1. Once every Cα of the chain carries one equal point scatterer and solvent is ignored, give the base-10 log of I(q)/I(0) from the Debye formula at q = 0.09, 0.12, 0.13 Å⁻¹, two decimals.
2. Pull up all non-local amide H partners of Tyr8: gap of 5 or more, or a different chain, and H-to-H distance under 5 Å with H placed in the peptide plane.
3. Scan segment 35-104 for GluC sites (Glu not before Pro) in coil per DSSP, keeping those whose Cβ has at most 13 other Cβ atoms within 10 Å, and list them by number.
4. Hey, what do the phi angles of segment 122-134 turn into as Karplus ³J(HN,Hα) couplings, whole Hz, using 6.51/-1.76/1.60 and θ = phi - 60°, x for Gly and Pro?
5. Could you pull out the pairs from Lys165/Lys245; Lys15/Lys179; Lys99/Lys165 whose alpha carbons sit more than 31 Å apart here?
6. Is there a quick way to get the dipole size of the chain? I mean about its Cα centre, with the Cβ of Lys and Arg at +1 and of Asp and Glu at -1; what is the value in debye to the nearest 20?
7. Could you work out how much longer the chain between Phe107 and Ser172 gets when fully extended? Use 0.36 nm per residue separation minus the Cα distance between them, nm to one decimal.
8. Relative contact order of segment 96-161: what whole-number percent is it, with Cα pairs under 8 angstrom and at least 6 residues apart?
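Each value in this text was obtained by applying a stated rule to the coordinates, not by laboratory testing. If you're wondering where the values come from, they're calculated on a predicted model, not measured in any experiment. Neighbour counts are summed over all protein chains in view; Cβ atoms, including those assigned to glycine, are modelled from backbone coordinates with ideal geometry.
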Amino acid sequence: MSAIAQYYDGMDSIKEDSGNPDIFKISPSSVADFFTATSQYYREQVLGEEKAFQGSTATHLGIIIHHCAEISANQGDTSTFESDIEEFLATITDPEIDKDAILSNWFGMASILVTEGVLNRPDDFIETEQFIYTKLNDDVYVGGTYDALVTDPANPDTLRVVDWKTAATKPSSFNFKYKLQAFTYAWMLRESGRAISSVELSFTVRPTKTLPARYFQFVEPYTDQTHDYIGGILNLIAESVSKFKSTPELRHLLSQDMRLKQGKAPAAFPSA
């Protein structure tokens, strides 16, 4: 298996904790999709239909950049980056993935992220790539792996959730999807007893013909009001999914999709 970390959905831990083999897990990265692509959310996340998006060149490039940042944050051996990446690319069989583009971009992007977002605060990192989950009701949990947790430089007695992102163009701010994702991690961490005071998006932008790879950082406070707001959103999704599972005659209404009006309940509900 490639040294570059693979996705861990955590369902084995959640099922063991819940005792429910049909538990549903809300993924932080999909929270916004519940509101912006409701029908697709239910069909893919809850009913388990094949996902329309299966990954892209940008997705795989992002995985590599995350790997480089994680190893550097943990002060690990960076001399294996090239061999790790070659091994990872060898596992990709999708002909639509542009491996040459990945090879030509990863070093510059990883270098700027590591320099500007990691090595400038080596003592701040508390942990990286940790899976966390929280129970919402008997049917639904929320869980995912956050990129990093650091000491908040504005308040050293508290912590900041860091989310490493890659982009093709310069970002202007937190967007709705990324904001809900980062705040969901913050919500779970605070629910577990951690003193979370802010969230940070660290963007690495791909180089262009005229510009090198660039780094942009956005920080937003995580307040008590934000915590209540995110908790309300997660519980709304949890209650909706539970009702969707238990009341087939309401599925077309909950999902905003008339195609599900005559649908039958599947035997199990896969994880998000």
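1. For the chain, the Cα-only Debye profile gives -0.46, -0.81, -0.94.
2. none
3. Details: sites: Glu44, Glu49, Glu50, Glu70, Glu82, Glu86, Glu87, Glu96; in loops: Glu49, Glu50, Glu96.
Answer in residue order: Glu49, Glu50, Glu96.
4. My calculation for segment 122-134 gives x, 7, 7, 6, 8, 6, 9, 6, 10, 7, 9, 8, 9 Hz in order.
5. Details: Lys165/Lys245 34 Å; Lys15/Lys179 28 Å; Lys99/Lys165 19 Å.
Result: Lys165/Lys245 exceed 31 Å.
6. Numbers: 23 positive and 38 negative charges, 212 e Å.
Using only the charged Cβ atoms, the result is roughly 1020 debye.
7. Details: separation 65, 0.36 × 65 = 23.40 nm, distance 2.37 nm.
That works out to 21.0 nm of additional length.
8. Numbers: 60 pairs, mean separation 14.9, N = 66.
The value is 23 percent.
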